[in-house]
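Worksheet: the structure to be examined is printed underneath.
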Amino acid sequence: MTSDAELIQIVDAAAAEAARLAGDLLHCRKGCTHCCVGPFAVTVRDLERLRAGFECADEELRGRLAARSAEARQAMFAGFPGDWESGTVTGLAAADAFDSNHEWLPCPILDLETGVCTLHAWRPVACRLHGPALRMNGFDLRPCRLNYAGADPERYRVPFDTPDAGESPLTYIAWAIRP
């Protein structure tokens, strides 16, 4: 099984290459929160990484993140697509519908005043992949609609493969930070 550090290195290298190729066609930068609103499922491995980042944060930030995560879990209570206690998603079709019903909900680790991810170095793989035109393991990932204006993203698509990451059940970021 691939270590988390190896997986992150592969994903970050592909995203960096896509950003290099696209240049000014990519609008992903500090303060853009387009992809930070609306819940999306992440792996338990992502939660473990976020928890490590949470432990490195100062006490004031940990308090804010814990409160925001509790608020997000409360907002997500109705119609949760899985086991509420663990946060584990049990049906992807139900998760897609659930995500659509909560598309207004900001990520609990997003600083709403600055538009910055408070745990950016520990962010989930899905966050690292959103934005540029990438092809992961033969599957085309949809780029952000704010990128590639007037250009064909296929011209800039970067293919890459990830070895077996031993992925586990899906869950949501709000379950990473619990008191």
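Read-outs: derived from the displayed coordinates by stated rules, not from any lab. Quick caveat, the model's predicted, so the values are computed rather than measured. Ideal geometry is used to build each Cβ from the backbone, glycine not excepted, and the neighbour counts take in all protein chains shown.
A few notes on this one:
- Set side by side, the residues Ala19, Ala93 differ, and just one is over 26 Å from Asp161 (Cβ atoms) and either exposed (fewer than 13 other Cβ atoms within 10 Å of the Cβ) or in contact with a Cys (Cβ under 8 Å, 6 or more places away or on another chain) (or both), which is Ala93.
- When Glu85, Glu55, Glu60 are checked against the criterion of being part of a loop (DSSP other than H, G, I, E, B) and either more than 18 Å from the chain's Cα centre (by Cα) or in contact (Cβ under 8 Å) with a residue 12 or more places away in the chain (or both), Glu85 stands alone in meeting it.
- Conditions (1) surrounded by fewer than 18 Cβ atoms within 10 Å (Cβ to Cβ); (2) under 28 Å from Arg157 (Cβ atoms); number of the one not met by Pro39: (1)
- The residues of segment 44-64 that are within 16 Å of Pro169 (Cβ to Cβ) and crowded, with 20+ Cβ neighbours inside 10 Å, listed by number, are Asp46, Leu47, Arg49, Leu50.
- Segment 67-82, subset in contact with a helix residue (DSSP H, G or I) (Cβ under 6 Å, 6 or more places away or on another chain) and not in a loop (DSSP other than H, G, I, E, B), residue nearest to Gly38 (Cα to Cα): Ala72
- Test: residue in segment 89-102 that is closer than 15 Å to Leu50 by Cα, under 18 Å from the mean Cα position of the chain (by Cα) and either without any contact (Cβ under 8 Å) to a residue 60 or more places away in the chain or part of a loop (DSSP other than H, G, I, E, B) (or both): no
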